[in-house]
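Chemist: This is the structure I want to talk about, given as structure tokens.
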Amino acid sequence: MTSLRYRTLLLGGTGTIGRATAQALLEAGHGVTALVRPGTDPALLPGCTLVEGDVTAPDTVENLLKAQPHAAIVSCLASRSGAPEDAWEIDHRAHSLALEAALETRVQRFVLLSAICVQKPHLAFQKAKIAFESQLRASPLIWSIVRPTAFFKSLSGQVPRVQGGKPFLVFGDGTRTACKPISDADLGRFIASCLTDADKERKILPIGGPGPAITPLDQAAMLERLTGAPVKIKHVPFALMDVIVGVLGALGKVAPKFKAKAELAKIGRYYATESMLLWNPQTGRYDPEATPEYGTDRLEDHYAAMLRGEVGDDRGAHAIF
């Protein structure tokens with residue numbers, strides 16, 4: 001780790017991970033300029049210089065960098081819905097424009113928040129992400145690509161259900177998938193560390209939170225421990241997801257409004273059947289032991305804080321349930 005500090009352009013800074021990354025960058029001594037949508041509340045990003053603009057417009061990032069040179073770009077930018085048009089517009093095109101602008105100016109480093117699910121790119125947003133990853137890797141910049149496992153907020157939607165006496169939903173027997181969830185704060189610190197850690201340069205960095213991999217049944221057990229009451233489990237058959245995907249796909253061929261819904265259903269099925277862990281192509285299996293761990297925050301403590309009303313359900317587009 002070096003003592004270098006960078007004037008950094010932050011993209012996607014208003015989401016929960018973006019805000020955590022902004023704080024981590026500031027705490028590490030970096031200067032942060034955040035490109036935000038017009039009308040953004042400055043209180044979301046205290047300590048940052050906010051510049052309003054459209055990240056998808058061809059000249060926005062380039063004009064910003066020419067007006068005020070930055071040494072690094074850190075992007076937490078991601079499509080909100082994962083729908084194909086949104087994914088290619090944000091996950092690919094907006095990033096491509098930022099990379100072109102970086103190459104035209106004095107930017108030295110580019111840190112990209114991606115996702116571990118691009119290991120098996122079957123969905124539009126995964127293909128868009130992997131396409132830009134390839135562009136970034138081919139560039140002369142010093143790059144780091146961060147691929148986190150599940151976020152705490154992605155696994156928080158069922159806490160209010162359980163509090164309300166409803167059953168905890170699992171697909172199949174509840175053990176097919178697993179992840180090493182990471183908090184926004186820990187992920188933000190990891191992303192910020194990529195600017196000054198030589199070991200993270202020009203590398204794809206899968207990362208999870210601390211502790212063993214957690215299945216949906218493990219999550220239900222956490223809530224049972226925390227509430228001190230039995231948690232009812234409702235098993236949802238995988239076949240039901242297949243039926244939903246099939247029906248929406250057929251409807252999408254005759255009614256465009258169902259096309260996007262079909263893609264969202266595919267995303268739901270993907271997360272219901274694929275683990276968010278490092279994939280080993282040699283064994284054809286996910287490898288929890290090989291999935292790196294970082295940080296100190298644990299999902300069970302997050303659940304406890306939610307049950308106490310100290311944190312809210314801020315899942316946005318990251319909800320699984």
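Chemist: Return the single residue from Ala255, Ala78, Ala102 with maximal mean-square fluctuation; model: Gaussian network over the chain, springs between Cα atoms under 10 Å.
Modeler: Ala255
Chemist: Could you grab the relative contact order for region 183-294? Cα pairs under 8 Å, six or more apart, rounded to a whole percent.
Modeler: 31 percent
Chemist: Continuing with the same structure: Taking 0.36 nm per residue of separation and subtracting the Cα-Cα distance, what length does fully extending Lys166 through Arg137 add? Intermediate values should be presented prior to the final figure.
Modeler: On the way: separation 29, 0.36 × 29 = 10.44 nm, distance 4.61 nm.
Roughly 5.8 nm would be gained on extension.
Chemist: By a straight-distance test (C-alpha under 25 Å), which lysines pair with Lys234 as possible cross-link partners, with residues fewer than eight away in the same chain excluded?
Modeler: Within the straight-line limit of under 25 Å, Lys234 reaches these lysines: Lys153, Lys166, Lys180, Lys261, Lys266.
Chemist: Counting only heavy atoms of protein chains, what accessible area per residue, in Å², does region 212-321 have with a probe of 1.4 Å?
Modeler: Details: 6590 Å² over 110 residues.
Heavy-atom accessible area per residue stands at 60 Å².
Chemist: Moving to a separate point now. What is the dipole size for the chain, taken about its Cα centre, with +1 at each Lys and Arg Cβ and -1 at each Asp and Glu Cβ, in debye to the nearest 20? Mind dumping the intermediate values first?
Modeler: Details: 36 positive and 33 negative charges, 129 e Å.
Its charge dipole is roughly 620 debye.
Chemist: Before anything else, pin down the relative contact order of the chain: Cα pairs under 8 Å, at least 6 apart, normalised by residue count, whole percent. Could the numbers behind the result be given before it?
Modeler: Working: 598 pairs, mean separation 61.3, N = 321.
Here the relative contact order equals 19 percent.
Chemist: If you take mean projected area of the Cα convex hull in nm² from the coordinates, which of (i) 17.2; (ii) 15.6; (iii) 24.2 do you get?
Modeler: Among (i) 17.2; (ii) 15.6; (iii) 24.2, the one derived from this structure is (i).
Chemist: Okay, next question. Taking every pair of alpha-carbon atoms in region 141-188, what share in percent sits in each 10 Å bin, from 0 to the bin with the longest distance?
Modeler: Going out from 0 Å in 10 Å bins, region 141-188 shows 20, 39, 28, 9, 4, 0 percent.
Chemist: Sticking with this structure for a sec: Sort Val118, Val247 by accessible area with a 1.4 Å probe, largest first. Working shown, then result.
Modeler: Working: Val118 5, Val247 80 Å².
Heavy-atom accessible area, descending, gives Val247, Val118.
Chemist: Still on this structure, I have one more. Distance from the Cα centre of region 1-57 to that of region 212-234, in angstrom?
Modeler: First find each Cα centre; the distance between them is then 36 Å.
Chemist: Another one. ³J(HN,Hα) across region 189-196 via Karplus (A = 6.51, B = -1.76, C = 1.60, θ = phi - 60°), whole Hz, x for Gly/Pro?
Modeler: 5, 5, 4, 4, 5, 5, 5, 10
Chemist: Under 5 Å between amide hydrogens, which residues at least 5 positions from Ala34 or on another chain qualify, with H placed 1.01 Å from N in the peptide plane?
Modeler: Those qualifying (amide H under 5 Å, at least 5 residues apart or on another chain) are Leu10, Thr49, Leu50, Val51.
Chemist: Could you tell me which of Phe190, Ile267, Leu217 has its Cα farthest along the dipole of region 162-291 towards the positive end, charges placed at Cβ (Lys, Arg +1; Asp, Glu -1), taken about the Cα centre?
Modeler: Of the listed residues, the answer is Ile267.
Chemist: Can you tell me the dipole magnitude for region 46-197 around its Cα centre, using point charges on the Cβ only (Lys, Arg +1; Asp, Glu -1), in Debye to the nearest 20?
Modeler: Values: 16 positive and 15 negative charges, 139 e Å.
For region 46-197, the charge dipole is close to 660 debye.
Chemist: Something else now. Are there GluC sites (Glu not before Pro) in region 230-321 that DSSP puts in a loop and that have at most 12 other Cβ atoms within 10 Å, and which ones?
Modeler: Details: sites: Glu263, Glu274, Glu289, Glu293, Glu300, Glu310; in loops: Glu274, Glu289, Glu310.
Answer in residue order: Glu289, Glu310.
Chemist: Please give the per residue accessible area of region 1-127, computed with a probe of 1.4 Å over protein heavy atoms only, in Å².
Modeler: On the way: 5430 Å² over 127 residues.
Per-residue accessible area for region 1-127 comes out at 43 Å².
Chemist: From the helices alone, meaning DSSP H stretches of at least four residues, give me the mean residue ellipticity at 222 nm for the chain, per-run term -39500 (n - 2.57), in deg cm²/dmol to the nearest 500. Can you show the working numbers first?
Modeler: Values: 11 runs with 119 residues, N = 321.
Calculated mean residue ellipticity at 222 nm is -11000 deg cm²/dmol.
Chemist: Not counting ligands, DNA or RNA, and with a 1.4 Å probe, what is Asp184's accessible surface area in Å² rounded to the nearest 10?
Modeler: For Asp184, solvent-accessible area is about 40 Å².
Chemist: Here's something else I'd like to know. Heavy atoms only, probe 1.4 Å: what % of the accessible area of the chain goes to carbon and sulfur, would you let me know?
Modeler: 54 percent
Chemist: Using Cα pairs under 8 angstrom and six or more residues apart, how large is the relative contact order of region 1-121, in percent?
Modeler: Numbers: 184 pairs, mean separation 31.5, N = 121.
Relative contact order of region 1-121: 26 percent.
Chemist: May I pose another question? For Lys253 and Arg37, calculate 0.36 nm times their separation in residues minus their Cα-Cα distance, and state this gained length in nm to one decimal. Numbers along the way, then the final one.
Modeler: Details: separation 216, 0.36 × 216 = 77.76 nm, distance 3.39 nm.
Working it through step by step, the gained length comes to 74.4 nm.
Chemist: May I ask you to order 24-30, 158-164, 111-117 by the average number of other C-beta atoms within 10 Å around their residues, highest value first? Mind showing how you got there, number by number?
Modeler: Numbers: 24-30: 18.4, 158-164: 16.7, 111-117: 24.6.
Descending mean neighbour count gives 111-117, 24-30, 158-164.
Chemist: Please name which of Gly47, Ala128, Gly13 has its Cα lying farthest along the dipole of the chain towards the positive end, using unit charges on Cβ (Lys, Arg +1; Asp, Glu -1) and the Cα centre as origin.
Modeler: Of the candidates, Ala128 comes out farthest on the positive side.
The values are calculated or read from the model by the stated rules, or taken from the named source; none is laboratory data. From a predicted model like this one, the values you see are computed outputs, not experimental measurements. Neighbour counts run over all protein chains shown; Cβ positions are idealised from the backbone, glycine included. Side chains are part of the model used for accessible areas, which takes the heavy atoms of the whole protein and leaves out ligands, DNA and RNA. Shrake-Rupley method; radii C 1.70, N 1.55, O 1.52, S 1.80 Å.
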